[in-house]
């Protein structure tokens, strides 16, 4: 996945698409930072590793890269919202443009109906009855929705369905 992003960065540079170039550079940088953090953790835990083993342990899998992209997309979404609230439409538009570029690299997001079905199944499976069981319910849902659904939407639906019980 990282190779795809890097090749699209080169293509955007050739096309002189400044917005896409800056967004993809930021994304590659965020991915590299995550890899560096992973390497530091591996080195701290196992100090007897060779340089080659450290490099191998610091490589990110596709799911970890998707997690980074999701995190960056979430930052853009929140920034756009805040800029709109602060009456700065030009900055909000820039954040939305970056969000659109990042969204192309994310898996297709689940629809609200699909999330509702998952939540209903999880309620039946866990036996959750009220808001006190929300943590247990969210724990059961997160593996199925991670990277595929907005956590705020999942949380909203969980609260809604638990309140209706």
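Figures for the structure shown
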| quantity | calculated |
| --- | --- |
| Number of the condition not met by residue 72 [criteria: (1) free of Cβ contacts under 8 Å to residues at least 24 places away in the same chain; (2) in a helix (DSSP H, G or I)] | (1) |
| Residue in segment 27-39 that is surrounded by 14 or more Cβ atoms within 10 Å (Cβ to Cβ), over 15 Å from residue 62 (Cα atoms) and at pLDDT 95 or above present | no |
| Residue that is within 27 Å of residue 109 (Cβ to Cβ) and surrounded by 14 or more Cβ atoms within 10 Å (Cβ to Cβ), where the choices are 60, 54 | 60 |
| Scope segment 1-37; condition outside any helix (DSSP H, G or I) and in contact (Cβ under 8 Å) with a residue 40 or more places away in the chain; matching residues | 1 |
| Hits in segment 138-157 - residues which are more than 13 Å from the chain's Cα centre (by Cα), under 23 Å from residue 73 (Cα atoms) and either in contact (Cβ under 8 Å) with a residue 12 or more places away in the chain or in the same structural domain as residue 65 (by TED's automatic domain parsing) (or both) | 138, 141, 144, 153, 154, 155, 157 |
| Number of positions in segment 105-128 that are in contact with a helix residue (DSSP H, G or I) (Cβ under 9 Å, 6 or more places away or on another chain) and assigned to a loop (DSSP other than H, G, I, E, B) | 7 |
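The values are calculated or read from the model by the stated rules, or taken from the named source; none is laboratory data. Just so we're clear, the structure is a prediction, and the values are computed from it rather than from any experiment. Counting neighbours? That spans all protein chains shown, and the Cβs are built from the backbone with ideal geometry, glycine included.
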